[in-house]
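Have a look at the structure below before the remarks.
The values are calculated or read from the model by the stated rules, or taken from the named source; none is laboratory data. Keep in mind that this is a model prediction, so the values were computed, not measured. Every residue, glycine among them, receives a Cβ derived from its backbone with ideal geometry; neighbour counts consider all protein chains shown. Just so you know, the surface numbers come from the protein's heavy atoms only, side chains and all, with ligands and any DNA or RNA stripped out. Shrake-Rupley method; radii C 1.70, N 1.55, O 1.52, S 1.80 Å.
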Amino acid sequence: MAPILDVLAIPGSLRERSFNAALARALVELAPEGTDIEVVDIRPIPLYDGDLDTDERRPEAVSSLKRRIAAAGAVIFVSPEYNHGVPGVLKNTIDWVSRPAFRSPMAMKPCGMMGAAPGLSGTMRGQQILKVVLLGMASQIFPHPGVAVSRAKEKFDEALRLTDEGTRSFIAGYLEEFAAWARRVRPPPTEDHAAGS
């Protein structure tokens, strides 16, 4: 039996009733056999400050997240689209974990992305920008057309549970393909990454 694939789902919104946080929680329900998905809360991550980004001064919330990313087999970003781009809170988190150069736990990390939006575009423009950011960190991007949940208000119930069966089925299929791909391409952990430096 293949080892468990641990995946971190990172929502790009702090809003209490965020469709994207709800979508990230749905991934936990829809994870294929042999895959564990954990949703990350990025609220504790402070604004990036290069003066604090040293092994001696780095905030523990950042070091903890970097250790979790290093230990995970893959990461899925689940984000809204702000002004055709990546929300500031998510970009801020990515900036922290991208450093120091050449020692980032995101380097060669298998990554997927998806998003939910009330409108028709379903975050596809924002995902294109996110892809550029991830490639800048030498992350591995899942070669898939993507998941863009449009008209999100029609697909989640009042408790923010994803109820649309077509969307659930599509995402379940995506996760099956993503997990198989991540197992093939993920690199072994390194001591630097595991230390969260």
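Using the alpha-carbon atoms, what tilt in degrees (0 to 90, nearest 10) does helix 88-97 show relative to the longest principal axis of the chain? The angle comes out near 40 degrees. The amide H of T35, built 1.01 Å from its N in the peptide plane, has L5 as neighbours under 5 Å, considering only residues 5 or more places off or on other chains. Taking the longest Cα principal axis of the chain as reference, the axis of helix 165-185 is set at about 30 degrees. The slack between D157 and I141, meaning 0.36 nm per residue of separation minus the straight C-alpha distance, is 2.7 nm. Here the chain yields Rg over Rh of 0.95, to two decimals, using C-alpha coordinates and the Kirkwood radius. Accessible area per residue for segment 55-192, computed on protein heavy atoms with a 1.4 Å probe, is 48 Å².
For the chain, the relative contact order works out to 26 percent when only alpha carbon pairs closer than 8 Å and six or more residues apart are counted. FRET efficiency for the pair A180 and E29, taken as 1/(1 + (r/R0)^6) with r the Cβ-Cβ distance and R0 = 22 Å, rounds to 0.70. When the pairs K109/K131; K66/K131; K66/K91 are compared against a 23 Å limit on Cα-Cα distance, every pair falls at or below it.
Taking a ≥ b ≥ c as the square roots of the Cα gyration tensor eigenvalues, segment 65-150 comes out prolate, since a/c reaches at least 1.5 and a/b is larger than b/c. Taking the protein heavy atoms of the chain in the context of the full set of protein chains, the accessible area attributed to carbon and sulfur is 54 percent at 1.4 Å.
For segment 146-187, just run the numbers: alpha carbon Rg, then divide by 2.2 N^0.38 Å, N being how many residues it has. Mind dumping the intermediate values first?
Values: Rg = 13.1 Å, N = 42, 2.2 N^0.38 = 9.1 Å.
Normalised Rg, Cα atoms only: 1.44.
The helix-based estimate of mean residue ellipticity at 222 nm for the chain, built from -39,500 (n - 2.57) per DSSP H run of four or more residues and divided by its residue count, is -11500 deg cm²/dmol to the nearest 500. Tell me the angle of helix 60-71 to the major Cα principal axis of the chain, expressed in degrees between 0 and 90 and rounded to the nearest ten. That helix lies at roughly 70 degrees to the long axis.
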